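Since every read-out is calculated from the coordinates, none of them should be taken as a lab result. None of the values given here were measured: they were computed from a predicted structure. Neighbour counts run over all protein chains shown; Cβ positions are idealised from the backbone, glycine included.
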Amino acid sequence: MPKFEFNISAKGLSLLNALFLVEAADLVGGNLHQIQKQVQDNLGLPKYKFFDTKGSKDTQAFLSANDEIVVLSFRGTTSTRDWWTNLKIKLAPSIVGRVHQGFNEALDDIWEDVRKTLLDFRDRKQSIWVTGHSLGGALATVAADRLAEESLEVRGLYTFGQPRVGDKIFVLNFDNKMKQRSFRFVHDEDVVPKVPSFLQGYHHIGEECYFDRNGKLHTVNIRRHKFVSQCISIARRSSKELNRLRAQNPGGLRDHSLRYYKRYIRENLIKQKGGPQTFSEYINT
């Protein structure tokens with residue numbers, strides 16, 4: 001029996017599905033020889049294909065499916081090639097609006113194979129779910145947009161610590177197509193969601209789901225909660241660790257780690273459902 005449950009009929013934000021999909025986002029960056037078994041054992045998805053291009057983009061993803069769902073998961077930033085993709089910040093024309101040139105080109109490298117495999121796997125009209133962390137979240141967003149343009153409805157897009165992807169026109173059209181089915185998780189000071197800059201013409205897609213410095217999830221009044229949480233984080237870091245942190249990365253890189261996203265989704269899900277005795281299977285995952 002799979003370790004992670006999934007609610008196929010969920011409408012709106014589902015932390016149960018978020019936990020499932022953050023695990024999928026984590027697995028895609030793991031040991032290539034073990035991913036398929038973990039996807040099958042942990043997520044209960046027997047159909048599986050891995051996509052890997054070792055060209056200039058080094059894009060990796062996997063598709064997996066059972067009789068109810070198809071999951072497309074993109075790997076996050078792990079190599080110097082990935083950072084080169086991130087740094088190509090020019091906005092390039094797309095079907096609707098403009099998108100990040102590097103993200104668009106990175107997806108191009110595997111897109112035809114992904115699209116063909118998805119259609120093959122989706123032999124029972126299963127619902128489509130897309131996920132990714134960091135760069136993977138950006139690629140997941142562009143992929144969801146392309147699928148929507150082909151009338152392949154994405155039931156849910158869940159991303160974790162993703163950067164901005166497109167301009168205002170792209171975002172308005174994307175959000176209209178997704179209609180409150182895209183959820184963008186952000187952890188406290190995570191620096192990646194702050195780039196590329198708003199001043200460079202970039203905007204964020206979807207509904208923001210914000211974890212404050214204590215891991216509490218906020219989906220309303222996010223600006224206020226974010227301001228308070230980040231002020232506290234900065235103040236504590238400045239007073240206690242200033243000298244050490246001058247020579248190290250700021251909290252924004254620490255908070256980008258996927259392990260925090262996994263931990264806080266799990267903790268908020270347990271709290272939502274009434275305690276660890278109900279969701280004990282999640283505590284040691």
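Using Cα centres only, tell me the gap between region 140-157 and region 31-77 in whole Å.
17
Once phi is turned into ³J(HN,Hα) by the Karplus curve 6.51 cos²θ - 1.76 cosθ + 1.60 with θ = phi - 60°, what whole-Hz value does each residue of region 12-28 show in order, with x for glycine and proline?
The phi angles translate into x, 5, 10, 5, 4, 6, 4, 5, 4, 6, 5, 5, 4, 5, 6, 4, 5 Hz.
Return the percentage of antiparallel bridges among DSSP beta bridges fully within region 1-156, rounded to the nearest 5 %.
In region 1-156, approximately 65 percent of DSSP beta bridges are antiparallel ones.
Share of antiparallel DSSP beta bridges in region 15-273, in percent to the nearest 5?
The antiparallel fraction comes to roughly 45 percent.
Round to the nearest 0.05 the FRET efficiency obtained for V220 and N176 when R0 = 30 Å and r is the Cβ-Cβ distance.
Taking R0 as 30 Å, the efficiency between V220 and N176 is 0.90.
Hey, any idea what the orientation-averaged projected area of the convex hull of region 15-273's Cα atoms comes to, in nm²?
Numbers: hull surface 56.6 nm².
Seen from a random direction, the Cα hull of region 15-273 projects 14.1 nm² on average.
Loop only by DSSP, 12 or fewer other Cβ within 10 Å of the Cβ. Give me the GluC sites (Glu not before Pro) in region 128-163 that pass, ordered by residue number.
E150
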